[in-house]
Structure formats: C-alpha cells, structure tokens
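*Asks:* Quick one: the structure is below, questions incoming.
The values are calculated or read from the model by the stated rules, or taken from the named source; none is laboratory data. If you're wondering where the values come from, they're calculated on a predicted model, not measured in any experiment. Using ideal geometry, Cβ is built from the backbone for each residue, glycine included, and neighbour counts are taken over all protein chains shown. For the accessible areas, the whole protein counts, side chains as well, though only heavy atoms, and no ligand, DNA or RNA atoms are used. Shrake-Rupley method; radii C 1.70, N 1.55, O 1.52, S 1.80 Å.
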Amino acid sequence: MTYFANIGKIQFEGKGSNNPLAFKHYDPNQVVLGKTMEEHLRFAVAYWHTFNANGADPFGNATMVRGWDKFDGLDRAKARVEANFEFLDKLNVPFFAFHDVDIAPEGSTLAESNKNLDVIVAMMKDHMKQSGKKLLWNTVNMFSNPRFVHGAGTAVNAEVYAYAGAQLKKGLEVGKELGAENYVFWGGREGYETLLNTDMGFELDNLARLYHMAIAYAKEIGFDAQFLIEPKPKEPTKHQYDFDSATTIAFLQKYGLKDHFKLNLEANHATLAGHTFEHEIRTAAINGMLGSLDANQGDLLLGWDTDEFPTDLYSTTLTMYEVLKAGGIGRGGVNFDAKVRRGSFEVEDLFLAHIAGMDSFAWGLKAAAKLIEEKILDGIVENRYRSFKEGIGADIVSGKATLASLEQYTLQNNPIKVESGRQERIKLMLSEVIFSV
Ligand code: XUL
Ligand code: CO
C-alpha cells in the first residue's frame with residue numbers, strides 16, 4: 001500500500017535545480033565542520049502534524065483528506081504507520097516523534113488504550129527494524145482528554161493524577177520498546193487560569209513528585225533515554241508552569257531534578273515567551289541543558305502558536321550557530337513540530353513543507369559554520385570583553401578584586417572609556433554571510 005504514489009525519493013539537486021521536489025541545500029552527505037549534515041541536523045517528522053492533523057480550525061472543518069482517512073479506528077492507525085515509514089523513506093528523514101494518542105486510538109479504559117498501543121508499537125518496531133528509522137522521542141498526551149481539564153501532573157484531583165502516572169508509565173515502556181533516544185514532557189495543562197482557586201506551590205510539588213517517579217521507573221526498566229522538558233509560556237493555560245528555559249531550569253534545580261533532564265526548545269514557544277529562539281538555546285546551553293529542538297516558527301502578527309514550517313534564514317542560521325557553539329545537539333535533533341497551513345491541503349504540500357524546513361536548516365547550518373570558521377562573531381565578542389584579560393579586568397575574573405580595589409582603581413582612572421556595540425554593522429555582516437553560502 002502506498003500513500004504518496006506520485007512522489008519519488010527526494011534527492012539533493014543543489015542550488016541550480018528548479019525541481020520543487022528536490023533539496024537545494026540539504027545534502028545529507030555534505031561534511032560541515034567535520035560532520036555530515038545528516039549527523040548535525042538529525043531531522044525528525046512530527047507524527048501529530050503530518051499524519052493526524054486535517055486542517056480543521058475553530059472556524060472550519062477539515063480541508064485535508066489523506067489516503068489513511070478511508071479507514072477507522074485501529075485500521076486507520078495501522079495505515080498511518082505505513083504512511084509514516086513511506087514518508088520518512090521518501091523524504092530521507094532518519095527520525096520521527098509522537099504522542100501516544102497520535103499513533104493509537106484511545107480506548108474507553110486505560111487497559112483498552114494500552115492494548116491498542118501494543119498492537120501499533122509492535123508494528124512500528126518491525127518497520128523500524130526493516131527501515132533503520134529511529135524514534136527521536138515519544139511522549140504521552142495528558143492535555144487533550146477532558147479528564148485533564150484541571151491538569152495532569154498538577155491536577156487538583158488525585159484520581160486524575162493517578163491516571164496521568166499510569167499513562168506516563170506506559171509511555172516509558174513504549175519508549176523503551178522502540179529505543180527512543182529521548183522522552184519529552186510538555187505540560188499542556190500544567191499551569192493555571194486564576195490563583196483564586198489554585199494552590200500553585202502544591203501543584204508544582206506534585207509535578208516534581210511525578211518526575212521523580214518517572215526517573216525511578218525508567219531506571220527500573222532500563223530505559224536510558226534522555227528526559228526532556230519542553231517549555232512554553234502560555235496556551236493552552238494562561239500561565240504555563242514551564243514558562244521558558246530559565247523558569248524550567250529553576251524548577252528542576254529546586255526539586256533536585258536538574259541532572260536528569262535537559263530541555264526540548266521550540267522556536268514558536270520562545271517567541272510567545274518574548275524571547276528569540278537563540279536566547280532560549282543559549283540559556284539552556286550555558287546551563288548544560290540543551291537537549292533537542294522543535295523546529296517551527298510563529299507569525300509576528302499573531303499572538304499564538306501557529307507552528308509554521310521554519311523558513312526564516314536569520315533564525316535558522318542563529319539557531320544552528322547556537323547549536324554548533326554548544327558542541328552539537330547530542331542525542332537530540334531537529335523535529336519539525338510544524339504543520340502545513342489549512343490552505344496547503346494537498347498531500348504534496350507535506351513534502352514541500354518539509355523540504356522548505358530542511359533546506360532552511362541546511363542553509364542555516366552552512367551560514368553558521370561560516371560564521372564560526374571565519375570567527376566573524378567570535379572576534380567581535382572577544383574584542384568587546386578584552387579589558388577583562390589584563391589589569392583590573394583580570395583581577396575581577398580571577399577573584400582577586402575587592403570593592404576597595406575597584407574603588408582605588410576607579411579613583412585614578414578618569415575618564416573611563418566606553419565603545420560602540422556596532423550592532424547595525426554586525427547585522428549587515430550576518431546578512432552577507434547568509435547570502436554567500
Ligand atoms: C505544543 C507542542 C507539543 C509538544 C509535545 O505546543 O509543542 O506538540 O511538542 O507535546
Ligand atoms: Co513542540
């Protein structure tokens with residue numbers, strides 16, 4: 001059975017190509033700073049956007065009818081598995097990622113849901129073995145079902161919390177069974193609407209308790225995936241607890257969880273928090289917490305999580321610059337947590353959108369490598385902090401300085417010299433690099 005009959009394998013054809021179904025920048029075998037593009041980027045397809053989304057929005061019905069929609073229930077779930085592996089193969093993407101409810105229909109009890117999962121997971125395992133495709137991460141959806149209306153790990157009701165724990169247990173078992181490289185926690189309903197009915201401190205204590213249970217269970221079953229928390233500041237709740245990198249790191253530190261987690265950072269979540277993506281990545285990296293990336297982009301004219309495919313070359317370049325400076329993405333990857341627009345409803349659009357995202361990231365990788373090789377930003381930054389290399393600056397850095405020694409220095413150092421940051425010039429240099437690769 002084929003779901004993408006009119007589409008062949010997407011090949012690298014290079015910059016001169018006019019073929020929309022070809023890569024112009026993503027050459028998986030091209031070596032950049034000692035590693036292939038494939039090794040640097042570790043692309044993943046997000047199951048929920050590509051195989052579950054249908055274009056429905058609050059104002060209108062589905063616009064996308066896919067080959068697997070002619071089936072129902074478990075048969076449709078099986079068809080999606082076939083489609084996933086055909087898609088990964090044709091697009092030459094090594095990884096995929098999913099929530100439990102994306103891959104198998106929820107039953108009316110936990111036992112029924114788990115039974116459905118077992119069928120699909122066994123099928124996936126066979127496909128993975130045959131194709132060599134891997135699971136970048138899995139997670140469980142503890143935000144869509146109405147039982148989670150007041151939270152899951154931060155539920156106001158212990159029965160709901162228990163259900164969340166049980167669902168999480170199965171998620172860890174599924175991850176182990178499929179050899180997931182990472183396991184993601186995104187707290188869709190872990191937040192609140194109003195303090196008037198919320199015990200925030202208690203909810204956060206409970207969330208930490210759930211994470212400690214997850215660590216213990218993963219250890220017990222020998223599931224060695226990297227645990228990741230995915231920050232987001234709002235939507236669906238008004239105040240999401242994992243607001244951004246800094247808030248999430250503080251939470252992990254407070255509860256003795258920091259050594260067990262890294263962060264899965266998403267571009268559109270960063271902008272919703274009032275940050276750039278590169279700010280979020282840098283904050284994680286300087287704290288040793290960079291785990292993986294959910295690649296997408298928001299719309300600066302809209303205030304919500306539009307999950308568009310990433311095509312902004314400034315952002316992909318600065319993202320890859322941060323990743324390269326951090327020493328790479330490790331066990332993480334670049335997961336397209338992105339959906340085609342409602343008007344892009346043809347099945348071919350799924351390929352065109354991923355090609356746009358992959359080429360934009362490959363382009364960004366090349367530009368970032370050039371920034372590094374030619375020490376363009378390093379030189380600027382080094383020069384800016386040069387006064388900390390000697391004299392009073394070296395005393396500050398070595399810990400020798402005291403307030404008294406700073407006063408003594410300042411009394412005889414008059415006037416002090418400050419220099420321009422030159423950011424407009426630097427931004428033009430960045431443009432020149434992006435359009436030279
Ligand atoms: C929601 C979001 C999720 C997570 C996984 O904004 O990004 O899809 O990536 O639950
Ligand atoms: Co995401």
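*Asks:* Between the DSSP loop rule and a limit of at most 14 other Cβ atoms within 10 Å, which chymotrypsin sites (Phe, Trp or Tyr not before Pro) in region 348-437 are left?
*Replies:* Tyr385, Phe435
*Asks:* Quick one: Karplus J couplings for region 159-167, per residue in order, coefficients 6.51, -1.76, 1.60, θ = phi - 60°, nearest Hz, x for Gly and Pro?
*Replies:* Ordered by residue, 3J(HN,Hα) equals 5, 5, 4, 4, 4, 4, x, 5, 5 Hz.
*Asks:* Under the Karplus relation 6.51 cos²θ - 1.76 cosθ + 1.60, θ = phi - 60°, what is the ordered set of whole-Hz ³J(HN,Hα) values for region 51-66, x standing for Gly and Pro?
*Replies:* Calculated HN-Hα couplings, in order: 10, 10, 5, 10, x, 5, 9, x, 10, x, 7, 4, 10, 10, 10, 9 Hz.
*Asks:* Here's another thing I want to ask about it. At 1.4 Å probe size, with every protein chain present, just tell me what the per residue accessible area of region 169-272 comes to in Å². It would help to have the intermediate numbers written out before the result.
*Replies:* Numbers: 4340 Å² over 104 residues.
Result: 42 Å² of accessible area for each residue.
*Asks:* What FRET efficiency comes out for the pair Val119/Ala401, r = Cβ-Cβ distance, R0 = 60 Å, nearest 0.05?
*Replies:* 0.35
*Asks:* Please compute the modelled spin-label separation between Thr36 and Phe345, points set 7 Å along Cα→Cβ, answer in nm with one decimal.
*Replies:* 3.9
*Asks:* Counting only residues 5 or more places away or on other chains, whose amide H sits under 5 Å from the amide H of Tyr183 once H atoms are built in the peptide plane?
*Replies:* Gln226, Phe227, Leu228
*Asks:* Kindly state, to the nearest 0.05, the FRET efficiency for Thr410 paired with Phe388, given R0 = 25 Å and r defined as their beta-carbon distance. Before the final figure, lay out the partial values.
*Replies:* Numbers: r = 16 Å, r/R0 = 0.63.
It comes out at approximately 0.95.
*Asks:* Among Ala367, Val381, Phe4, pick out the residue whose Cα is farthest towards the positive end of the charge dipole of the chain, where Lys and Arg carry +1 and Asp and Glu carry -1 on C-beta, about the Cα centre.
*Replies:* My answer, from the dipole projection, is Val381.
*Asks:* Excluding ligands, DNA and RNA, what is the solvent-accessible area per residue of region 280-437 at a probe of 1.4 Å, expressed in Å²? Could the numbers behind the result be given before it?
*Replies:* Numbers: 8650 Å² over 158 residues.
Ligands and nucleic acids excluded, the figure is 55 Å² per residue.
*Asks:* Let me ask something else. If I compute solvent accessible area with a 1.4 Å probe over the protein chains, what percent of it on the chain is carbon and sulfur?
*Replies:* 54
*Asks:* Here's another thing I want to ask about it. Could you tell me the center-to-center distance, by alpha carbons, between region 1-33 and region 151-192 in angstrom?
*Replies:* After rounding, the separation between the Cα centres reads 37 Å.
*Asks:* Using the Cα centre as the reference, give the magnitude of the dipole from point charges on the C-beta atoms of region 201-332 (Lys, Arg: +1; Asp, Glu: -1; all else neutral), rounded to the nearest 20 debye.
*Replies:* 520
*Asks:* I want to verify a result. In a Gaussian network model of the chain, Cα cutoff 10 Å, which of these has the top mean-square fluctuation: Gln253, Gln423, Gln297?
*Replies:* Of Gln253, Gln423, Gln297, the Gaussian network model singles out Gln423 as fluctuating most.
*Asks:* Mind pulling the angle between the C-alpha long axis of helix 73-91 and the longest principal axis of the chain? Nearest 10 degrees, somewhere in 0 to 90.
*Replies:* For 73-91 against the chain, the angle is about 50 degrees.
*Asks:* Take Asn19 and Asp199, extend 7 Å from each Cα along the Cα→Cβ direction, and tell me the distance between the two endpoints in nm.
*Replies:* Going from the Asn19 label point to the Asp199 one covers 6.3 nm.
*Asks:* Let me ask something else. Largest first, how would Lys417, Lys234, Lys24 line up by accessible area (1.4 Å probe)?
*Replies:* These residues rank, largest area first, as Lys417, Lys234, Lys24.
*Asks:* Near Phe243, within a Cβ-to-Cβ distance under 9 Å, what is the net charge of the other residues, with Lys and Arg +1 and Asp and Glu -1?
*Replies:* 0
*Asks:* I would also like to ask the following. What GluC sites (Glu not before Pro) in region 155-239 are in a loop by DSSP, with at most 14 other Cβ atoms within 10 Å of the Cβ?
*Replies:* Glu193
*Asks:* Using the Karplus equation 6.51 cos²θ - 1.76 cosθ + 1.60 (θ = phi - 60°), what ³J(HN,Hα) coupling, rounded to whole Hz, does each residue of region 120-125 give in order, writing x for Gly and Pro?
*Replies:* Listing the rounded values in order: 6, 5, 4, 5, 4, 4 Hz.
*Asks:* Also, quick follow-up: In degrees from 0 to 90, rounded to the nearest 10, what is the angle of the helix 423-434 Cα long axis to the longest principal axis of the chain?
*Replies:* Result, in degrees: 50.
*Asks:* With all distinct Cα pairs included, what does the Kirkwood hydrodynamic radius of region 261-332 come out to in Å, to one decimal, could you say?
*Replies:* 12.1
*Asks:* In nm, what is the difference between 0.36 nm times the number of residues separating Leu74 and Arg425 and their Cα-Cα distance?
*Replies:* Working: separation 351, 0.36 × 351 = 126.36 nm, distance 5.76 nm.
Computed gain between Leu74 and Arg425 is 120.6 nm.
*Asks:* Between rounded, prolate and oblate, where does region 4-45 land on the alpha carbon gyration tensor, with a ≥ b ≥ c its root eigenvalues, rounded for a/c under 1.5, else prolate if a/b exceeds b/c?
*Replies:* Oblate, since a/c reaches 1.5 and b/c is not below a/b.
*Asks:* Hey, what's the Kirkwood Rh for the chain if you take every pair of different alpha carbons, in angstrom? All intermediate terms of the calculation are to be shown ahead of the outcome.
*Replies:* On the way: mean 1/r = 0.0426 Å⁻¹.
Across the chain, the inverse of the average 1/r is 23.5 Å.
*Asks:* Ok, one more. Considering only Thr36, Tyr409, Ala250, whose Cα is most displaced toward the positive end of the charge dipole of the chain, charges sitting on Cβ of Lys, Arg (+1) and Asp, Glu (-1)?
*Replies:* It is Tyr409, whose Cα lies furthest towards the positive end.
*Asks:* How big is the Rg/Rh ratio for region 11-152, C-alpha atoms only, Rh by Kirkwood, two decimals?
*Replies:* Radius of gyration relative to Kirkwood radius: 1.03.
*Asks:* What size of dipole, in debye to the nearest 20, comes out for the chain about its Cα centre when the only charges are +1 on Lys and Arg C-beta atoms and -1 on Asp and Glu C-beta atoms?
*Replies:* Here the chain has a charge dipole of around 720 debye.
*Asks:* Taking the Cα centre of region 281-437 as origin, work out the dipole magnitude from +1 charges on Lys and Arg Cβ and -1 charges on Asp and Glu Cβ, in debye rounded to 20. All intermediate terms of the calculation are to be shown ahead of the outcome.
*Replies:* On the way: 17 positive and 22 negative charges, 139 e Å.
Dipole size: approximately 660 debye.
*Asks:* Here's something else I'd like to know. Near the amide H of Lys234, under 5 Å away, which other amide H atoms are found, from residues 5 or more places off or on another chain, if H is placed in the peptide plane?
*Replies:* Gln240
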